[in-house]
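Here's the structure, in structure tokens; my notes come after.
The values are calculated or read from the model by the stated rules, or taken from the named source; none is laboratory data. None of the values given here were measured: they were computed from a predicted structure. For neighbour counting, all protein chains shown are included, and Cβ atoms are generated from backbone atoms with ideal geometry for every residue, glycine included.
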Amino acid sequence: MGTIYKRGQTYWLKYYRNGKPYYESSKSSKETEAKKLLKKREGEISEGKLPGIYFDRVKFDELAEDLLRDYRINQKKSLVRVNRGIEHLKGHFAGFKVSQITTPHIQSYIETRKVEGAANATINRELSALKRMLNMGARQTPPKVDRVPYIPMLKENNTRKGFFEHGDYLALRDALPDYLKGFVTFAYKTGWRVSEIEGLTWNQVDRDQGIVKLEPGETKNDEGRTVYLDEELKEVFNRQWESRRKTGKLVPYVFPNKEGKDMIKDFRGAWDTACQDSEIGKRLFHDLRRTAIRNMVRAGIPERVAMMVSGHKTRSIFDRYNIVNDADLKAASEKQEAYLQGQNSYKKVTIAHFDKKRGFKQNAQILNG
């Protein structure tokens with residue numbers, strides 16, 4: 001059993017867990033408050049829990065490092081993104097004790113990030129990191145978190161916008177430097193992620209068979225992928241191979257950088273310049289990925305096959321990418337109009353005849369097509 005005693009004007013507690021004594025200030029000069037806290041601590045210990053004072057010693061920074069360590073151990077590809085989110089969280093929660101991370105403080109963080117101009121989706125990714133580190137702390141032995149607070153998430157607009165019409169793509173490609181032309185062509189045809197194309201090496205290419213293959217673990221979703229090159233892409237890969245052979249710079253990457261010495265790492269300047277010179281307006285490289293998916297679906301390729309080419313794991317991505325655009329809606333309107341015009345060819349015709357038994361005319365209506 002625990003006891004209470006006084007130090008100056010403040011009551012203190014002494015209680016035991018597994019034979020180990022714990023000392024804790026009630027932070028109150030009232031004996032009733034000290035007794036209430038002691039009863040709470042004894043209840044926690046009787047349920048096999050660590051006393052609350054233990055959790056007051058754990059801080060946000062420790063949980064954040066635990067989360068990053070987990071990502072490093074498991075070699076998760078989103079480590080950079082999570083690290084970026086944690087840096088924003090530290091700006092608000094650094095030095096916070098676990099018991100101080102409450103819903104009101106989380107809502108205050110959300111307000112601050114919105115004032116800074118962060119998008120709802122960005123804030124949600126940061127809140128997800130916070131929730132994960134708290135849940136990890138609660139599952140540890142011994143636990144570092146006694147309860148995970150309610151974390152409100154923001155509504156996101158998951159509809160992805162931005163596509164390349166074929167003429168815009170051609171204008172952009174022609175305006176790009178030579179070392180990026182094949183790079184962009186491959187993205188337009190396959191919908192691969194920029195990091196996958198940047199890291200594509202010749203040992204993943206079978207030029208004789210016209211196949212590009214990523215092994216399991218080399219993609220974002222860790223699933224393997226095989227793409228068969230069409231004639232245009234075969235020509236692109238042949239040019240890349242010949243250029244590699246002529247220059248004598250035997251780099252492993254299919255699409256090396258401007259100097260031909262390493263992989264492409266940052267081409268935003270060349271991209272923005274080409275968008276401006278081609279007069280197509282500001283575009284994102286990711287628009288090529290959305291366009292490739294839309295083009296495959298429009299071409300009649302089954303969605304499951306299109307997902308295997310682009311590397312999407314779930315069917316929901318097609319809803320998020322908003323494949324229907326103004327041209328699709330116009331085509332739907334034209335099809336409906338043609339259908340209704342066909343219905344107009346059927347007219348009602350009234351035929352009158354004399355009923356001998358009843359002595360009057362009856363009218364009948366039939367459809368005349």
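Which one of Ile45, Ile106 is assigned to a helix (DSSP H, G or I), β-branched (Val, Ile, Thr) and crowded, with 18+ Cβ neighbours inside 10 Å? Spell out how you get there, then give the answer.
Working: Ile45 fails: crowded, with 18+ Cβ neighbours inside 10 Å.
When all the criteria are applied, what remains is Ile106.
Check whether at least one residue in the stretch 182-192 is over 21 Å from the mean Cα position of the chain (by Cα), of a type in the set (S, T, N, Q), farther than 30 Å from Gln100 by Cα and at pLDDT 95 or above, and report yes or no. If you could, list the steps in order and put the result at the bottom.
If we filter the stretch 182-192 for residues that are over 21 Å from the mean Cα position of the chain (by Cα), which is where we start, we get 182-186, 189.
Then keep just the ones that are of a type in the set (S, T, N, Q); that gives 185.
Subset that is farther than 30 Å from Gln100 by Cα: 185.
When the remaining residues are screened for being at pLDDT 95 or above, the result is 185.
Yes, the conditions are met somewhere in the stretch 182-192.
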Just checking, does the stretch 193-201 include any residue being part of a strand (DSSP E or B), modelled with pLDDT under 90 and not basic (Lys, Arg)? no
Of all residues in the stretch 260-311, count the ones that are under 19 Å from Val212 (Cα atoms) and not in a loop (DSSP other than H, G, I, E, B). 13
Condition test on Leu89, is it without any contact (Cβ under 8 Å) to a residue 24 or more places away in the chain and among the hydrophobic types (A, V, I, L, M, F, W, C)? no
Complete set of residues in the stretch 175-187 that are under 15 Å from Arg283 (Cα atoms) and in contact with a Lys or Arg (Cβ under 8 Å, 6 or more places away or on another chain): Val184, Ala187
On the given criteria, is Ala299 in the same structural domain as Trp192 (by TED's automatic domain parsing) and crowded, with 16+ Cβ neighbours inside 10 Å? no
Failed condition for Lys97, given (1) in contact with an Asp or Glu (Cβ under 8 Å, 6 or more places away or on another chain); (2) at positive phi, with all others met? (2)
Given the conditions (1) modelled with pLDDT under 95; (2) over 30 Å from Leu13 (Cβ atoms), and given that Ile110 satisfies all but one, which numbered condition is not satisfied? (1)
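Answer with yes or no whether Lys155 is under 21 Å from the mean Cα position of the chain (by Cα), at negative phi, not in a helix (DSSP H, G or I) and not assigned by TED's automatic domain parsing to the domain that holds Val251.
The answer is yes for Lys155.
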